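These notes are about the structure you will find just below.
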């Protein structure tokens, strides 16, 4: 409840007509409903709202409520057999706009050892992704145009969705909630099962509701107080850590991470075989009967082929008929090769150790040999020069980044980004990925007197290994100056990210404008991760603009300290 | 061949489970294909195991082919099988029986692997 009003928007959640805003009349109406039950089975008020009944019993010491039999609720409870809870964080898969910030859900662990038999509490916006354009998605998301609803699903179904179909690595943070606390949470979730709330990306989103549940489980924790203006799913995990409710962490590799691991394990002669099999370029027998291929390599080829096959089918690259026949033939051949080595995907850097979302920065340096100072603030979330520790490689998502400079008694805007995003996806044997980036906001790359508004969206390719990755991008753009100028830019970049404590970013850009102006832009930065939330950056910027025979140049060298919280 | 009676009993249990799984995969899929619910209850496969198998067919098939995996471990737990390694190995060894034979409904299961299974 915030300012006396409930955050639930569905009238079915309340007994009193003014229940959303008037807690007193809702309490009276609830007591009436529980004392004067009209039905005594699943449709009774007590069965629909078990948490309230328990709460009233405790707080008001009421023992004479009407007895009702809640078959559905009891069956569900028996099936779930709640013992403990886990905060699940499917990390970002930045190629899809709907997952840039990641996602969180709560898993209710049963008495079984296998976590696949647990149930996931899911709260999601009802988005018809194929029919919703990026623009509509953003607008509706910000204004509460989507409706959110809860579901209780077997955890394996969620894994199919996030780990397999969307190829997101899944992080599981076991919470130290007691059995009793989990039960309390579950009763509340049961009450909300059929209600709807308006869904806002940044405030009342999936993660916000998860925080609610955790606070209901244990009122002494105050997770929601960690958030003022927005909630990024990963931030909820950070908050859970600060409240000391995280006990242990488990990692589940996405289909993508599994395929990348097979790329490592397959020898050079065999690396193309899984794809060849799936794309029917070779016969299965040519692998199985080939005596020159080592047995373990054969197993890897077939296993990777199965993974790639499922990936291709999920991406609609083949018919169901073809998929089923290949799947069956390859599994059959694989079974005949006996038990092999288990795939061991190394656990990546824990997102819990990544930098926080809000960044403030201060810096100093020289521009064209004159001293200059910098101050900046950015509410969210990550750019390519921030430490990528715990983040998806090559991903960037920035929201409302503001950087100011001070030189010769003048304060000016260096950068004011509304939104910028990038996804530099490395191409490899199994992934024909393309990369993209986009930005809207003000910057000084056009080298005018002031920052100019730029809007750009470009695409390209990226390749990499464990040491570093490179990218080639073509970026059409326009600047709004006195008039609109358009340009096409071409960039080549290198990012060395092998070491967790530092990274190096280099980028060279050439731009051709419709005004016959041409530009060179070069930037190089050396970034040190001093601690989880502190970064020291040295950056060199060079800009040059040619028009007819005149050349304008600008050079900036600076040291910047970034602090994240 | 077997060191003790105990192992013999375990082996039997596993083979029976493998056969049950075979029967079940047929049931589960014919359920989906015919939109019918089988009323036959199986003494070995409890409801929970049935539901799990029916919802995890492709991943189970893949894991059985590989001889290990979390879904197999889960199934073993649902069936109260203690020796999971032996269970996995036995499922893998019986792959052809589980996914190929029977009266053609398995062909439906995997939705038309016409050439091999008919």
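Throughout, read-outs are computed from the coordinates displayed, never taken from laboratory work. For clarity, every value in this text was computed on a predicted model and none was experimentally measured. Glycine also receives a Cβ, built like all others from the backbone with ideal geometry; neighbour counts cover every protein chain displayed.
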- Note on the structure: Fewest-first ordering of A:18, A:64, A:516 by Cβ atoms within 10 Å yields A:64, A:516, A:18
- Label-point separation in nm, residue A:482 to residue A:419, each point 7 Å along Cα→Cβ: 3.3 nm
- Query: What order do you get for A:377, A:301 when you list them from fewest to most C-beta neighbours inside 10 Å?
  - Reply: A:377, A:301
- Nearest-0.05 FRET efficiency for residue A:28 and residue A:247 at R0 = 45 Å, using Cβ-Cβ distance, is 0.65
- Message: Suppose each label sits 7 Å from its Cα in the direction of the beta carbon; what would the residue A:524-residue A:346 distance come out to in nanometres?
- Response: 2.8 nm
- Task: Taking all pairs of distinct Cα atoms, average 1/r, flip it, and tell me the Kirkwood hydrodynamic radius of segment A:354-564 in Å to one decimal place.
- Result: 17.7 Å
- So between residue A:540 and residue A:434, what do we pick up on full extension, going 0.36 nm a residue minus the alpha carbon distance? 35.3 nm
- With N denoting the number of residues in chain A, provide Rg(C-alpha) divided by 2.2 N^0.38 Å, to two decimal places. 1.13
- What percentage of all Cα-Cα pairs in segment A:400-472 are separated by more than 16 Å? 60 percent
- Message: Averaged over its residues, how many other protein chain Cβ atoms are within 10 Å of peptide A:321-333's Cβ atoms?
- Response: 5
- Message: If I histogram all Cα-Cα distances within segment A:256-335 using bins 5 Å wide from 0, what percent of pairs lands in each bin?
- Response: 3, 16, 31, 27, 16, 6, 1
- Using a simple spin-label model with points 7 Å from Cα along the Cα→Cβ vector, what separation in nm is obtained for residue A:549 and residue A:318? 6.5 nm
- Euclidean distance of C-alpha centroids, segment A:177-193 and segment A:473-530, integer Å: 50 Å
- Note on the structure: For A:367, A:498, A:529, ascending order of other Cβ atoms within 10 Å (fewest first) is A:498, A:367, A:529
- Rounded D (µm²/s) - segment A:234-290, Kirkwood Rh over Cα pairs, Stokes-Einstein at 10 °C, 1.306 mPa s: 106 µm²/s
- Message: I need to check one value: relative contact order of chain A, counting alpha carbon pairs closer than 8 Å and at least 6 residues apart, in percent.
- Response: 8 percent
- Task: Express the Stokes-Einstein translational diffusion coefficient of segment A:299-402 in µm² s⁻¹, to the nearest whole number, given a Kirkwood radius over alpha-carbon pairs, 10 °C and a viscosity of 1.306 mPa s.
- Result: 85 µm²/s
- Query: For segment B:44-94, what is Rg from Cα atoms divided by 2.2 N^0.38 Å, rounded to two decimals?
  - Reply: 1.02
- Counting only Cα, what are the radius of gyration and maximum Cα-Cα distance Dmax of segment A:437-558, in Å? 15.9, 48
- Item | Over segment A:11-69, relative contact order from alpha-carbon pairs under 8 Å, at least 6 apart, % | 26 percent
- Message: How tilted is helix A:295-314 with respect to the longest principal axis of chain A? Cα atoms for both, answer in degrees (0 to 90, nearest 10).
- Response: 80 degrees
- Over segment A:256-335, calculate the relative contact order: mean separation of alpha carbon pairs under 8 Å at least 6 apart, over the residue count, as a percent. 33 percent
- Going by alpha carbons, how many degrees (0 to 90, nearest 10) lie between the helix axis of A:320-335 and the longest principal axis of chain A? 90 degrees
- On a 0 to 90° scale, report how tilted helix A:179-192 is relative to the longest principal axis of chain A, with both axes built from alpha carbons and the result rounded to the nearest 10. 90 degrees
- Message: For segment A:11-69, compute the orientation-averaged projected area of the C-alpha convex hull (one quarter of its surface), in nm².
- Response: 3.8 nm²
